[in-house]
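Q: If you scroll down you'll find the structure; I have some questions about it.
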Amino acid sequence: MVKLYSEILSKEVEISDKPQRVISLSPAITETLYLIGAGDRVVGVSFFCNKPPEVSKKPRVGAYLNVNYNLLEKLNPELLLVTTGAQRERIEELESKGYKVYPIPLPVNIYGILDNIMITGIVVNEIDNARELAYKLTEKLIEIKNILKGVRIYYEIDLGGPVSVGSHSYIGDAFKFMGMSHVFENERVPYVINPDPNSIIKYNPDVIIYEQKLGENATVDKFIQNLEKRNIKEINAVKNKNIVIMEYDSLAHYGPSFFDAAIRLANRIKELKL
């Protein structure tokens, strides 16, 4: 057994040296576990874990905020890995039922994604593999530095309503790292819920990035219609149809594949007539 200190919990968590039965309740953590060679030790995941494809074979023990405790008991995990944010409420509940829980923080910038890979590797004792993965992703990070310098954007995702990002978000941080500026970059929050149409119009972005929700078949024309219903019309991105549609859980996903999504985004923006 080893004792690993958690800054989030402000205490040490005693876990086995190399946990063999791990459950992840975060898509980013699940993807990381597979990519650092611990996928065979994952015995359960959340409903939203979909990367890599092999994870589809794993039992689903709950959603972001809810856990199926009957299934959890049957799976008998040595360790549960969760994230922070709204999942903080689950930590105390899981611990009260006798489960070992180690939280991995939500990143506030792109470096936090790399940091979380290392934290996960330390917790499950795959440190060398985690370090190697972080090194490889650092090369991709360098590839996107200032790749879209001077481009003005607005980013939106549908989370039951329109949501954009502020300055305390790995997504917004990635935009700045890539050389872009975005509407709410000076808002000291991770997310901007129901963003003010007037702020978007005043900013007049060159490009709008829309990350579609699960099962959605979004198109540029459909999204423009959505914007027009909200009176977001007379801006350059809409008039020139400079709308980039991103796949579900691409930029919103803060696992290792985030960097591939950022590269795809850059390539798509480069294809536009700016």
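Q: Might you check whether a residue that is exposed (fewer than 14 other Cβ atoms within 10 Å of the Cβ) and within 16 Å of the chain's Cα centre (by Cα) occurs anywhere in segment 5-27?
A: There is no residue in segment 5-27 that is exposed (fewer than 14 other Cβ atoms within 10 Å of the Cβ) and within 16 Å of the chain's Cα centre (by Cα).
Q: While we're on this one: Pick out the one residue from GLY179, GLY121, GLY160 that is closer than 30 Å to GLY215 by Cβ and either surrounded by 14 or more Cβ atoms within 10 Å (Cβ to Cβ) or not assigned by TED's automatic domain parsing to the domain that holds PRO19 (or both).
A: One residue alone meets the criteria, GLY160.
Q: For a quick check of your reading of the model, give me the residue pairs whose first member lies in segment 68-90 and is not assigned by TED's automatic domain parsing to the domain that holds VAL123, whose second is surrounded by 14 or more Cβ atoms within 10 Å (Cβ to Cβ) and in a helix (DSSP H, G or I), with beta-carbon atoms closer than 9 Å and at least 6 apart or on different chains.
A: none
Q: Among the numbered criteria (1) without any contact (Cβ under 8 Å) to a residue 24 or more places away in the chain; (2) within 20 Å of the chain's Cα centre (by Cα), which single criterion is violated by THR32?
A: Of (1) without any contact (Cβ under 8 Å) to a residue 24 or more places away in the chain; (2) within 20 Å of the chain's Cα centre (by Cα), only one is false for THR32: (1).
Q: Could you list, in sequence order, all residues of segment 34-46 that are at pLDDT 95 or above, surrounded by 23 or more Cβ atoms within 10 Å (Cβ to Cβ) and touching a Leu at 6+ places or on another chain (Cβ under 8 Å)?
A: LEU35, ILE36, VAL42, GLY44, VAL45
Q: Considering segment 78-118 alone, what residues qualify as being surrounded by 15 or more Cβ atoms within 10 Å (Cβ to Cβ) and under 16 Å from ALA63 (Cβ atoms)?
A: The answer is LEU80, LEU81, VAL82, THR83, GLN87, ARG90, ILE91, LEU94.
Q: Now a separate question. Please list, ordered by residue number, the strands (runs of 3 or more DSSP E) wholly in segment 1-98 having 1 or more residues that are over 20 Å from ALA130 (Cα atoms).
A: Strands (runs of 3 or more DSSP E) meeting the threshold: 11-15, 42-46, 60-62.
Q: Since THR30 meets every condition but one in (1) over 14 Å from PRO256 (Cβ atoms); (2) among the polar types (S, T, N, Q); (3) touching a helix residue (DSSP H, G or I) at 6+ places or on another chain (Cβ under 9 Å), which condition does it not meet?
A: Condition (1) is where THR30 drops out.
Q: Let me ask you something else. Does any residue in segment 187-198 that is closer than 16 Å to HIS168 by Cα come within less than 9 Å, Cβ to Cβ, of a residue that is in a helix (DSSP H, G or I) and hydroxyl-bearing (Ser, Thr, Tyr) six or more places away or on a different chain, and which pairs are these?
A: The qualifying pairs are PRO190/TYR170; VAL192/SER199.
Q: Mind listing whichever residues of segment 195-211 are touching a Ser or Thr at 6+ places or on another chain (Cβ under 9 Å) and at positive phi?
A: Matches in segment 195-211: none.
Q: Give just the number: which of (1) in a helix (DSSP H, G or I); (2) touching a Gly at 6+ places or on another chain (Cβ under 6 Å); (3) basic (Lys, Arg) does LYS149 not satisfy?
A: It fails just one condition, (1).
Q: Pick out the one residue from ASN217, ASN267 that is within 25 Å of LEU114 (Cβ to Cβ), free of Cβ contacts under 8 Å to residues at least 12 places away in the same chain and either touching a Gly at 6+ places or on another chain (Cβ under 6 Å) or of a type in the set (S, T, N, Q) (or both).
A: Sole residue among the options that is within 25 Å of LEU114 (Cβ to Cβ), free of Cβ contacts under 8 Å to residues at least 12 places away in the same chain and either touching a Gly at 6+ places or on another chain (Cβ under 6 Å) or of a type in the set (S, T, N, Q) (or both): ASN267.
Q: Quick one: what pairs do we get from segment 127-154, first residue of a type in the set (A, V, I, L, M, F, W, C), second at pLDDT below 95, C-beta under 7 Å, 6+ apart or different chains?
A: Pairs that qualify, where the first residue is of a type in the set (A, V, I, L, M, F, W, C) and the partner is at pLDDT below 95, are VAL151/LEU274.
Q: For GLY255, only one of the following conditions fails: (1) under 19 Å from the mean Cα position of the chain (by Cα); (2) at pLDDT below 95. What is its number?
A: (2)
The values are calculated or read from the model by the stated rules, or taken from the named source; none is laboratory data. What you see is a predicted model, and the numbers here were worked out from it, not measured in a lab. Neighbour counts are summed over all protein chains in view; Cβ atoms, including those assigned to glycine, are modelled from backbone coordinates with ideal geometry.
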